[in-house]
Amino acid sequence: MATVTYEKATRVYPGSEVPAVDQLDIQIEDGEFLVLVGPSGCGKSTSLRMLAGLEDVNGGSIHIGDRDVTHLPPKDRDIAMVFQNYALYPHMTVAQNMGFALKIAGVNKTDIRTKVEEAAKILDLTEYLDRKPKALSGGQRQRVAMGRAIVREPQVFLMDEPLSNLDAKLRVQTRTQIAGLQRRLGVTTVYVTHDQVEAMTMGDRVAVLKDGLLQQVDTPRNMYDQPANLFVAGFIGSPAMNLVEVPITDGGVKFGNSVVPIERAALTEAQGKGDTTVVVGCRPEHFAVVTGDGDNGAASGLAKADEKKEAGLAVTVNVVEETGADAYVYGTAEFGGEVRDLVIRVDSRDVPEKGAKVNVVPRPGETHVFATGSGERLSD
Ligand SMILES: Nc1ncnc2c1ncn2[C@@H]1O[C@H](COP(=O)(O)OP(=O)(O)OP(=O)(O)O)[C@@H](O)[C@H]1O
Ligand SMILES: [Mg+2]
């Protein structure tokens, strides 16, 4: 087991001017499960492959424990990797597939058998050891690929979207198994996914990348409660956080007929940056519905909007999505004369009709404030 440290690690592919990974700084603890997440092309696989030794590091360094592995060949790094396309050898049995790396390394047959059987037990593959891969389900094949990594007892596991070939239900099951297995084995793991739900449910900590730049590395809880910038705010959480640009007014920001109080420090900071607006974020589950009535006078038109007595922001319901446990209203509301889309979670037993109006206010303390220009978080 070991720590992993990226220190300003940079990868510029030949023929490209922009780094695919730009001065990446992450310290991963011994035994930690760290998930790299971000949109396609943000540099997740490149970061992982730099750690594996499959991609040159053009700047900075990478350490495993106190060993500088920046320029070591892959075989000397003591890592095991599980890829998305975990191509198993079709002519070999499950046991032979799992033991192959050990055989190449010259480990004797009895030791290989013992290690393979141990791994098979952990992975629930014992009864399949003599089968060929084509006679296995997708999930079982995936576990064989995990088994290949486990038998090598590496210092670090590297996994690049290992679940993306599985169907939705199996993915959910297998992600729980992998997370549980990692905790039991206690092997430091770097796991790549583009699925933020997978990242949030599996990781001890999550690192969000965008355009080769690390945006935030934090526990899932902190990432959700205190996104560091607009990008992370919009990326983490499903449905995504509502983000609206609003003018700064005394004591807060205007949300329909209500003023939502915002920390003075946040507004002062925004003004210090020369901004006249801020971006306010509120997650779908953090709105309170103050009225649920279909006719609250909003139909009387724009000119009278200011005379309305209804508190909060009037949202017109366009679509209601019911998942069983939850219901989400997809609607529109007016902000400073502009119509904006909003998503609001409502009580699944008290769902408004399509076309109705509901008035909502953000729950106290559940708003996020970001600088319009830089996108940085301003509130605590
Ligand atoms: N071998 C290569 N040569 C040149 N550019 C590359 C190479 N591999 C990746 N890139 C570029 O580097 C950037 C990062 O790619 P990378 O594969 O790390 O992204 P990713 O986050 O893993 O994306 P995905 O979710 O689609 O797998 C992309 O812009 C990609 O086009
Ligand atoms: Mg990738």
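List pairs: first in segment 84-103 and of a type in the set (Ser, Thr, Tyr) and open to solvent by less than 30 Å² (accessible area, probe 1.4 Å), second more than 16 Å from ligand 2 (Cβ to nearest atom) and part of a helix (DSSP H, G or I), Cβ under 9 Å, 6+ apart or cross-chain?
Tyr86/Arg141; Tyr86/Gln142; Tyr86/Val144; Tyr86/Ala145; Tyr86/Met146; Tyr86/Arg148; Thr93/Tyr128; Thr93/Pro133
Does Glu17 fit the bill of being within 15 Å of ligand 1 (Cβ to nearest atom), at pLDDT below 95 and farther than 27 Å from Arg184 by Cα?
So Glu17 fits the description; yes.
Could you count how many residues in segment 65-83 are more than 12 Å from ligand 1 (Cβ to nearest atom), open to solvent by 50 Å² or more (accessible area, probe 1.4 Å) and not in a strand (DSSP E or B)?
So the answer is 8.
Residue by residue through segment 7-50, note down the ones that are in contact with a His (Cβ under 9 Å, 6 or more places away or on another chain), under 15 Å from Leu213 (Cβ atoms) and part of a loop (DSSP other than H, G, I, E, B).
Once the filter is applied, which keeps residues that are in contact with a His (Cβ under 9 Å, 6 or more places away or on another chain), under 15 Å from Leu213 (Cβ atoms) and part of a loop (DSSP other than H, G, I, E, B), segment 7-50 yields Gly38, Pro39, Cys42.
Kindly indicate whether any position in segment 127-141 is at pLDDT 95 or above, away from ligand 1 (no atom under 16 Å from the Cβ) and within 26 Å of Val21 (Cα to Cα).
No: zero hits.
Looking only at segment 113-145, count every residue that is part of a helix (DSSP H, G or I) and either closer than 15 Å to Ala80 by Cβ or within 33 Å of the chain's Cα centre (by Cα) (or both) and tell me the total.
Residues that pass the stated criteria total 18.
Scan segment 11-18 and give yes if some residue there is open to solvent by 50 Å² or more (accessible area, probe 1.4 Å) and closer than 30 Å to Gly180 by Cβ, otherwise no.
Checked against the condition, which is being open to solvent by 50 Å² or more (accessible area, probe 1.4 Å) and closer than 30 Å to Gly180 by Cβ, segment 11-18 yields no hits at all.
From the set of residues in segment 143-163 that are within 19 Å of Glu117 (Cα to Cα), touching a helix residue (DSSP H, G or I) at 6+ places or on another chain (Cβ under 6 Å) and not hydrophobic (A, V, I, L, M, F, W, C), which is least open to solvent (accessible area, probe 1.4 Å)?
Selected residue: Gly147.
I'd like the full set of residues that are closer than 17 Å to Gly139 by Cα, within 16 Å of ligand 1 (Cβ to nearest atom) and hydroxyl-bearing (Ser, Thr, Tyr), limited to segment 149-197.
Ser164
Count, please, the residues in segment 220-258 that happen to be within 20 Å of Val35 (Cα to Cα), open to solvent by 30 Å² or more (accessible area, probe 1.4 Å) and not in a helix (DSSP H, G or I).
Residues that pass the stated criteria total 4.
Being open to solvent by less than 80 Å² (accessible area, probe 1.4 Å), in contact with a Ser or Thr (Cβ under 6 Å, 6 or more places away or on another chain) and not polar (S, T, N, Q) is the requirement here; does Val361 meet it?
Yes; evaluated as a whole, the condition is true for this residue.
Can you name every residue in segment 25-64 that is of a type in the set (A, V, I, L, M, F, W, C), open to solvent by 10 Å² or more (accessible area, probe 1.4 Å) and within 16 Å of ligand 2 (Cβ to nearest atom)?
Listed by number, the list holds a single entry, Leu54.
The values are calculated or read from the model by the stated rules, or taken from the named source; none is laboratory data. None of the values given here were measured: they were computed from a predicted structure. Counting neighbours? That spans all protein chains shown, and the Cβs are built from the backbone with ideal geometry, glycine included. Each accessible area value is taken on the protein alone, full model and side chains, heavy atoms only, with ligands, DNA and RNA left out. Shrake-Rupley method; radii C 1.70, N 1.55, O 1.52, S 1.80 Å.
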